[in-house]
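Here's the structure, in structure tokens; my notes come after.
Every read-out reported here was derived from the displayed coordinates using simple, explicitly stated rules and does not represent laboratory data. Just so you know, these numbers come straight off a predicted model, no measurement behind them. Neighbour counts are summed over all protein chains in view; Cβ atoms, including those assigned to glycine, are modelled from backbone coordinates with ideal geometry.
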Amino acid sequence: MPNTIRLIVFPAKDLDKAKSFYRKFLGVEPYVDGVYYVGYKIGDLEVGLDPNGQNIVSYTDVDDIESSLKELKATGATVHMDAKIVGSDLLVAQVKDADGNILGLRQRSK
């Protein structure tokens, strides 16, 4: 089964203005509304706002984040952010492809 992008995170320097825009643009209220992250659910896709973000990052869910990082490095990707725990049950990591695009991986704790 192919990996599917489940999350797209946009940088949001002014979180209040961004929330107002995305509320109207997406037509839903955020399901997470914090000072470090705001998230909206649209079907199987989550759209996130990160006030500390620098780039748009798309995330795909993986079963084993460390082996996924290893496989992607073997194709020429570089690790942009090592795997780290965010929230209580989520590991995330980021890689850069050959063109410098940042892509993310997510793994739910088992």
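Each residue in the range 17-58 was checked for being more than 16 Å from ILE5 (Cα to Cα) and surrounded by fewer than 12 Cβ atoms within 10 Å (Cβ to Cβ), and 12 pass. Looking at the range 37-64 only, could you name the residues that are closer than 14 Å to ARG106 by Cβ, of a type in the set (A, V, I, L, M) and out of contact with any Lys or Arg (no Cβ under 8 Å at 6 or more places or on another chain)? Within the range 37-64, VAL57 is the sole residue that qualifies. When LYS84 is tested against the conditions (1) under 17 Å from the mean Cα position of the chain (by Cα); (2) surrounded by fewer than 17 Cβ atoms within 10 Å (Cβ to Cβ); (3) in contact (Cβ under 8 Å) with a residue 12 or more places away in the chain, the lone failure is (3).
Could you list all residues from the range 87-109 that are in a strand (DSSP E or B), free of Cβ contacts under 8 Å to residues at least 40 places away in the same chain and out of contact with any His (no Cβ under 7 Å at 6 or more places or on another chain)? Residues satisfying the conditions are LEU90, LEU91, VAL92, ALA93. If you filter the range 61-108 down to residues that are in contact with a Leu (Cβ under 6 Å, 6 or more places away or on another chain) and of a type in the set (S, T, N, Q), you find that the one that is nearest to VAL38 (Cα to Cα) is GLN107.
Which count do you get for residues in the range 59-81 that are surrounded by 12 or more Cβ atoms within 10 Å (Cβ to Cβ) and among the small types (Gly, Ala, Ser)? Number satisfying all stated conditions: 2. Contact annotation: no residue pair with Cβ atoms under 8 Å, 6 or more positions apart or on different chains, pairs a residue in the range 5-34 that is on the phi > 0 side of the Ramachandran plot with a partner that is among the hydroxyl-bearing types (Ser, Thr, Tyr).
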